[in-house]
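Q: Here it is, the structure, as structure tokens.
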Amino acid sequence: MPIKILVTAKRVEDYESKIKVNAQGNGIVLEGLKYKINPFDEIGVEEALRLVAKHGGGEVVVASVGTKDVHEQLRHALAMGATRAIWVNHAGPLDQMTVAGCLQKLIEKEKPDLAILGKQAIDDDQNQVGQYLAEWLGWSQATFASKEESLESEAEKSKTPALQLSADAKTLTVIREVDGGLETLECSMPCVVTTDLRLNQPRYASLPGIMKAKSKPIEEHTPATLGVDATPKITVTKMEHPPARKAGIKVPDVATLMDKLKNEAKVI
Amino acid sequence: MNFALTDDLKALQDTARKFAKEVMRPKAAHFDETEQFPREIIQQAWELGLMNMTIPQAHGGIELSHLAQAVIAEELAWGCSGMATSMIANDLALLPIVLSGTKEQKEKFLKPFTEKFLLASFGLTEPGAGSDVAGMRCTARREGDFYVLNGQKQWITNGEYADQYTIFCTTDSTKRHKGIMCLVVQGRPRGFTVGKHEHKMGQRASNTVTLTFEDVKVPVENRIGQEGEGFIVAMNTLDNSRPLTAMFAVGNARAAMEHAIDYSKQRQQFGKPIAEFQGVQFMIADMASEIHAARLLTYESAWRLDAGERNTLVSSYAKRFAADMAMKATTDAVQIFGGYGYSREYPVEKLMRDAKLIQIYEGTSQVQRLVIARELLKGS
Amino acid sequence: MSNVLIVVEAQPDGSLRKATLNALTAGQQLASKTGGELHAVVLAKDAAALANTVKEYGVKVVHAGSAPHLAQFTADVVAPAVAELATAIKAGYVGAAATQAGRDVMPRIAARLKAAMASEILGVVGASSADLQFTRPMWAGAVIATVKLSTAIKCFTARTTEFAPAEKSGAGEVKAFAPAAPAKALQKIVSFKEVKSARPALTEARVVVAGGRGTKGDFKDINALADELGAAVGASRAVCDAGWQPNDLQVGQTGKVVAPQLYIAAGISGAIQHIAGMKGSKTIVAINKDGEAPIFQIADYGLVADLFKVLPELQAAIKAAK
């Protein structure tokens with residue numbers, strides 16, 4: 001049975017970028033930064049592609065909110081294999097509630113069976129949009145989706161999806177990373193899933209994929225055309241670096257280390 | 001004029017960079033040490049479309065621009081120039097067919113490479129004919145619908161594993177370059193033997209062997225171009241591939257520079273990081289500016305090909321400058337690492353060994369100078 | 001004046017999850033700044049026993065919501081129950097600990113209340129209700145942001161390492177209430193595979209011994225040292241990705257954030273994501289063969305050595321010192 005899945009592709013600073021607060025302390029220094037698709041979103045795209053492949057086709061629709069720069073991330077998802085893209089054109093500050101609101105409206109229009117989002121974006125690290133979206137849609141939610149098999153396992157190498165859809169397509173079984181272990185959750189469909197690190201290892205965008213992505217459509221909306229109030233309810237008023245931890249000393253041997261731990265740090 | 005990479009080029013670069021970083025580099029030291037053939041990694045590169053980039057779209061390929069190929073070559077060489085040499089060897093071997101093959105030949109000799117993971121080797125050099133291509137001794141004698149091939153080819157990349165060979169030979173060695181012809185040899189016909197893998201100083205992940213032909217029958221329809229056109233086919237191929245080789249030098253040198261910068265910031269001597277010493281700073285500044293210059297020169301040589309211009313002069317500038325630059329940059333990187341740089345525990349000595357080959361293969365730095373001088377001094 | 005409501009979490013056996021005590025401290029700070037009351041809510045099939053435990057910790061009222069549909073702590077049933085209560089008691093702030101459970105349910109509660117939310121708060125700044133703001137980490141802790149929420153009700157999860165556990169201070173009142181069951185169940189937990197360990201929980205341990213890629217998956221010496229110290233065992237992302245250790249042991253930005261008295265990192269290079277999860281530790285010891293590993297830049301004591309050689313030595317030294 002074909003399946004339709006909505007995924008996201010937030011534009012974030014590359015995780016290897018060195019983030020520096022600007023002189024005014026109200027933002028970060030943008031010069032020299034590289035941008036990527038949010039790694040958790042990329043895991044979501046991968047899982048969606050695997051599910052579609054397993055369930056005899058369907059559609060993976062990727063959405064992103066931001067300036068035209070987000071086309072780069074949408075194209076990346078399209079190059080991985082997503083079917084088409086939706087761009088919600090918005091400049092300026094953006095909070096989780098606006099993003100969740102836009103995604104809610106898109107989902108009401110697109111009517112996918114499932115939405116798979118990153119559990120959080122690696123810029124603001126909020127971890128909220130999936131849950132807001134599930135509540136506002138009245139859908140079930142499975143956050144922190146993971147699997148028992150490791151990323152080195154055969155199941156991973158054969159690109160088996162970790163999310164299990166029942167034969168009647170009414171229930172989704174998700175393994176979640178919870179406090180103290182792994183939980184198996186059964187969700188009624190439709191469902192919002194948010195991805196954790198070890199759900200899968202995303203594929204690379206292949207060169208033929210990149211070439212094909214050039215001709216895949218990107219549909220444009222704005223928060224206003226979707227009927228979403230984009231006034232931020234969360235404002236960052238100040239940014240600063242945490243106090244740096246200073247490098248200590250190198251000790252030559254275990255005996256010296258023991259002495260320091262006992263008599264200087266007094267932790268043993 | 002515009003120096004920025006387009007979004008498309010950036011996307012291609014991204015994939016190549018990620019692959020180089022996550023797949024090639026972690027295994028680079030292992031394959032350098034063991035001299036094994038990194039078949040799985042090369043196959044993965046094929047699956048991502050990082051090989052056979054020149055095959056026309058009409059024959060199932062992706063037909064990347066020369067500029068795009070150059071951008072990708074830098075990243076692959078950054079990951080491991082030995083592996084990169086094995087990957088690009090396919091393009092080098094397929095280029096004569098792309099440039100001079102008939103439609104039927106392209107369908108027969110190129111298309112399978114887009115459908116299945118196959119390797120190809122380019123056979124030009126001989127034990128007695130290196131820079132002096134026209135001195136080749138590998139002969140082809142016509143017998144009905146076949147040529148009968150006799151002779152040896154040396155330093156053949158991927159030769160042990162290749163499924164198809166592009167072999168240059170002569171129908172009449174007295175005619176020097178006017179006697180040369182290009183043949184495609186498929187599989188392992190009778191009389192064809194592959195020698196042992198050469199133990200090399202650098203680029204040890206790439207397979208290098210000698211090929212021997214003893215009365216090997218090759219169908220006449222496997223001839224690319226006409227008899228006597230082989231030299232032109234080979235030179236056109238090298239004009240096309242020279243930017244890629246130059247980019248190998250850029251990628252290799254960039255890797256060395258990045259290691260040198262990281263190390264010089266961490267390594268403390270006389271109570272401060274060695275990066276604070278002017279002697280080290282000057283070496284890094286030289287590396288950075290020369291890498292940048294080599295990259296731009298190479299971009300131009302690729303851009304000229306894309307514009308349909310002859311690029312012999314600029315591509316020789318690029319190959320000569322980039323290869324010599326990489327040798328210097330990697331030697332300086334070893335110097336910055338000091339004793340650690342000389343140790344195999346650290347990555348820079350491999351880069352230095354790898355760089356040396358780039359000054360030698362696909363036209364030595366001296367041959368590039370000859371080409372440059374010839375281009376400049378010819379005519380009135 | 002704004003009342004503050006903290007969502008209480010239980011362990012699998014029904015007892016109080018300690019992280020809730022840290023969240024109560026965050027709640028206490030908010031209540032004292034806004035002049036409101038600190039409330040807590042326990043949701044369970046039968047919430048009375050846990051509510052009686054929680055009332056000891058400086059809480060004005062513990063709301064014990066008991067109902068059959070609350071037998072499982074899932075977001076679809078927790079969110080409406082908490083939101084209904086928050087509205088009834090005129091809560092200005094609703095929060096929970098930044099545990100996996102808290103991170104799961106809190107945004108759904110906020111969504112139901114049309115409230116904005118700050119995740120993983122590190123502190124509360126500002127003197128009164130009007131100018132209260134939260135500090136919270138961004139970019140894996142590379143930046144600390146001060147954020148202002150401008151909805152009527154405000155939600156948060158509190159990072160447990162930044163708020164001391166609440167102490168017992170007189171008994172509050174327990175009020176029972178019966179949350180209405182939703183029209184249809186959306187999700188159910190069918191199994192839970194606990195990572196069982198005789199060692200203390202990673203986030204609660206006084207000492208953590210963690211291993212990285214340098215262990216090549218062999219945690220024998222790490223485990224032995226941890227047992228000698230009564231410590232928890234942690235791991236870097238590379239170790240969990242390779243399947244060498246369960247995911248539950250991962251320390252880092254996307255795993256557990258820990259702040260023990262002593263953190264021993266063995267064979268861990270110190271990627272920024274790992275450091276984000278342990279740099280709050282009081283004393284950090286790094287053991288690594290590579291003297292240039294970034295972990296040494298934040299370690300109080302560094303030992304450039306083979307972990308397989310020095311961990312047994314350290315274990316023996318600790319045994320001898322006992």
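Q: Name, by its number, the condition in (1) assigned to a helix (DSSP H, G or I); (2) away from chain C (no Cβ under 11 Å); (3) of a type in the set (A, V, I, L, M) that does not hold for A:Ala134.
A: Among (1) assigned to a helix (DSSP H, G or I); (2) away from chain C (no Cβ under 11 Å); (3) of a type in the set (A, V, I, L, M), A:Ala134 violates only (2).
Conditions tested, residue by residue: (1) surrounded by 23 or more Cβ atoms within 10 Å (Cβ to Cβ); (2) more than 15 Å from B:Gly225 (Cβ to Cβ); (3) among the β-branched types (Val, Ile, Thr).
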residue: B:Ala73; (1), (2), (3): yes, yes, no
residue: B:Ala77; (1), (2), (3): yes, yes, no
residue: B:Ile88; (1), (2), (3): yes, yes, yes
residue: B:Leu94; (1), (2), (3): yes, no, no
residue: B:Ile97; (1), (2), (3): yes, no, yes
residue: B:Thr125; (1), (2), (3): no, yes, yes
residue: B:Gly130; (1), (2), (3): no, yes, no
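Q: For region C:283-300, give me each residue that is more than 7 Å from chain A (Cβ to nearest Cβ) and out of contact with any Phe, Trp or Tyr (no Cβ under 8 Å at 6 or more places or on another chain).
A: C:Ile287, C:Lys289, C:Asp290, C:Gly291, C:Ala293, C:Pro294, C:Ile295
Q: Also, quick follow-up: So, B:Glu258, is that one under 15 Å from B:Leu351 (Cα atoms) and part of a helix (DSSP H, G or I) or not?
A: Yes.
For every residue, the table says whether it meets (1) farther than 27 Å from C:Ile272 by Cα; (2) aliphatic (A, V, I, L, M); (3) part of a helix (DSSP H, G or I); (4) free of Cβ contacts under 8 Å to residues at least 24 places away in the same chain.
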residue	(1), (2), (3), (4)
A:Leu6	yes, yes, no, no
A:Asn26	no, no, no, no
A:Ala53	yes, yes, yes, no
A:Trp87	yes, no, no, no
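Q: Of all the residues that make up region C:295-311, how many are in contact (Cβ under 8 Å) with a residue 24 or more places away in the chain and surrounded by fewer than 24 Cβ atoms within 10 Å (Cβ to Cβ)?
A: Qualifying residue count for the region: 3.
Q: Another question, then. Of all residues in region A:1-48, which are closer than 17 Å to A:Glu110 by Cβ and aliphatic (A, V, I, L, M)?
A: If the condition is that a residue be closer than 17 Å to A:Glu110 by Cβ and aliphatic (A, V, I, L, M), then A:Ile3, A:Ile5, A:Leu6, A:Val7, A:Ala9, A:Val45, A:Ala48 are the ones that fit.
Q: Could you check region A:176-190 and list, in sequence order, the residues that are part of a strand (DSSP E or B), within 7 Å of chain C (Cβ to nearest Cβ) and either modelled with pLDDT of 95 or more or surrounded by 20 or more Cβ atoms within 10 Å (Cβ to Cβ) (or both)?
A: Answer for region A:176-190, where residues must be part of a strand (DSSP E or B), within 7 Å of chain C (Cβ to nearest Cβ) and either modelled with pLDDT of 95 or more or surrounded by 20 or more Cβ atoms within 10 Å (Cβ to Cβ) (or both): A:Glu177, A:Val178, A:Leu182, A:Glu183, A:Thr184, A:Leu185, A:Glu186, A:Cys187, A:Ser188.
Q: Let me ask something additional. Just for region C:93-142: of the residues that are in contact (Cβ under 8 Å) with a residue 24 or more places away in the chain, of a type in the set (Ser, Thr, Tyr) and at the interface with another protein chain (Cβ under 10 Å from one of its Cβ atoms), which one is farthest from A:Ser17 (Cα to Cα)?
A: C:Thr99
Q: Something else now. Just need a number here: residues in region C:191-215 that are free of Cβ contacts under 8 Å to residues at least 12 places away in the same chain and among the basic types (Lys, Arg). Write out each step before concluding.
A: Within region C:191-215, the first condition is being free of Cβ contacts under 8 Å to residues at least 12 places away in the same chain, and the residues that meet it are C:191, C:193, C:196, C:198.
Still in the list and also among the basic types (Lys, Arg): C:193, C:196.
Counting residues in region C:191-215 that are free of Cβ contacts under 8 Å to residues at least 12 places away in the same chain and among the basic types (Lys, Arg) gives 2.
Q: Might you let me know whether region C:11-23 holds any residue that is more than 24 Å from C:Ala67 (Cβ to Cβ), within 20 Å of the chain's Cα centre (by Cα) and surrounded by fewer than 20 Cβ atoms within 10 Å (Cβ to Cβ)?
A: yes
Q: Consider region C:276-289. How many of its residues are of a type outside the set (Lys, Arg) and either in contact (Cβ under 8 Å) with a residue 24 or more places away in the chain or outside the structural domain of C:Gly214 (by TED's automatic domain parsing) (or both)?
A: Final tally of qualifying residues: 7.
Q: Could you figure out which of (1) over 25 Å from A:His71 (Cα atoms); (2) β-branched (Val, Ile, Thr); (3) facing another protein chain (nearest Cβ under 9 Å) isn't true of A:Thr160?
A: With respect to (1) over 25 Å from A:His71 (Cα atoms); (2) β-branched (Val, Ile, Thr); (3) facing another protein chain (nearest Cβ under 9 Å), A:Thr160 is out only on (3).
Q: Is it the case that region C:272-280 has a residue that's in a strand (DSSP E or B) and within 24 Å of C:Ser119 (Cβ to Cβ)?
A: Checked against the condition, which is being in a strand (DSSP E or B) and within 24 Å of C:Ser119 (Cβ to Cβ), region C:272-280 yields no hits at all.
Q: With respect to C:Ala111, determine if the residue is within 22 Å of the chain's Cα centre (by Cα) and under 23 Å from A:Val174 (Cα atoms).
A: On the way: within 22 Å of the chain's Cα centre (by Cα): yes; under 23 Å from A:Val174 (Cα atoms): yes.
Yes.
Residue-by-condition table, conditions (1) among the small types (Gly, Ala, Ser); (2) crowded, with 24+ Cβ neighbours inside 10 Å; (3) within 13 Å of chain C (Cβ to nearest Cβ); (4) in a strand (DSSP E or B):
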{"residue": "A:Leu103", "(1), (2), (3), (4)": "no, yes, yes, no"}
{"residue": "A:Pro112", "(1), (2), (3), (4)": "no, no, no, no"}
{"residue": "A:Thr143", "(1), (2), (3), (4)": "no, yes, yes, yes"}
{"residue": "A:Leu151", "(1), (2), (3), (4)": "no, no, yes, no"}
{"residue": "A:Ala155", "(1), (2), (3), (4)": "yes, no, yes, no"}
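Q: If you scan region C:77-119, which residues turn out to be in contact with a helix residue (DSSP H, G or I) (Cβ under 6 Å, 6 or more places away or on another chain) and of a type in the set (Ser, Thr, Tyr)?
A: Scanning region C:77-119 gives C:Tyr93, C:Thr99.
Q: Let me ask something else. Considering each residue of region C:251-271, count those that are over 18 Å from C:Pro312 (Cα atoms), within 8 Å of chain A (Cβ to nearest Cβ) and touching a residue at least 24 places away in the same chain (Cβ under 8 Å), and give that number.
A: 2
The values are calculated or read from the model by the stated rules, or taken from the named source; none is laboratory data. Remember, it's a predicted structure, so these values are computed and weren't measured experimentally. Glycine also receives a Cβ, built like all others from the backbone with ideal geometry; neighbour counts cover every protein chain displayed.
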